[in-house]
Amino acid sequence: MQSDRALKNQFAKYNRKYWAGQLPEHTVIYWEPQNADAATTCPIYEVDHGQFVIKLDPYVKGLGKFWKINLLHELVHLALWVKHPKHQHGKLFKEEEARIYAMGAYTGLL
């Protein structure tokens, strides 16, 4: 399984800029249609200790910058996963999202 080049490049940029390169470098990111269950869960998985996969629905490719917003959302989950596996969208998630928002992560996207 290989990463989509554009997604992996954007991941590397965001990782450097908002997480000081601390996100797992070998994360695999690719486009895959989501099923109905995806509405209740985020498409990020730990497939082995420290090895992650992020699947983004190709539907968002055609929605302007929405795919970047989607990717940032999943990277917030990834950033929190090590300390809080399978966390949801609660306080810690909102704090991390607010932190990268304050750093300008969503400038030009919202």
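The values are calculated or read from the model by the stated rules, or taken from the named source; none is laboratory data. Keep in mind that what you see is a predicted model, and the values were worked out from it rather than measured. FYI the Cβ positions are ideal-geometry reconstructions off the backbone, even for glycines, and counts take in every protein chain you see.
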message: For region 75-93: of the residues being touching a residue at least 24 places away in the same chain (Cβ under 8 Å) and in contact with a Leu (Cβ under 7 Å, 6 or more places away or on another chain), which is nearest to Leu110 (Cα to Cα)?
response: Leu75
message: Against the conditions (1) of a type in the set (A, V, I, L, M, F, W, C); (2) under 24 Å from Gly108 (Cα atoms); (3) under 14 Å from the mean Cα position of the chain (by Cα), where does Leu63 fall short? Just the number, please.
response: (3)
Filter result for the condition that a residue is loosely packed, with under 11 Cβ neighbours inside 10 Å, under 18 Å from Tyr18 (Cβ atoms) and of a type outside the set (S, T, N, Q), over Lys91, Lys83: Lys83
- prompt: Taking the stated definitions as given, is Ala105 within 18 Å of Ala12 (Cα to Cα), part of a loop (DSSP other than H, G, I, E, B), in contact with a Phe, Trp or Tyr (Cβ under 7 Å, 6 or more places away or on another chain) and in contact (Cβ under 8 Å) with a residue 24 or more places away in the chain?
  reply: yes
message: Pull out all pairs, ordered by first then second residue, where Cβ-Cβ is under 8 Å, the residues are six or more apart or on different chains, the first lies in region 44-62 and is over 25 Å from Gln22 (Cβ atoms), and the second is in a helix (DSSP H, G or I) and of a type outside the set (S, T, N, Q).
response: Asp57/Ala38; Val60/Phe66; Val60/Trp67; Lys61/Trp67
message: Out of the strands (runs of 3 or more DSSP E) lying entirely within region 9-85, which hold 2 or more residues that are in contact with a Ser or Thr (Cβ under 7 Å, 6 or more places away or on another chain)?
response: 28-31, 51-56
Qualifying position, being at pLDDT 90 or above and surrounded by 11 or more Cβ atoms within 10 Å (Cβ to Cβ), among Lys65, Lys61: Lys65
query: Hey, among the residues in region 23-45 that are modelled with pLDDT of 95 or more and closer than 15 Å to Leu72 by Cβ, which one's surrounded by the fewest Cβ atoms within 10 Å (Cβ to Cβ)?
result: Leu23
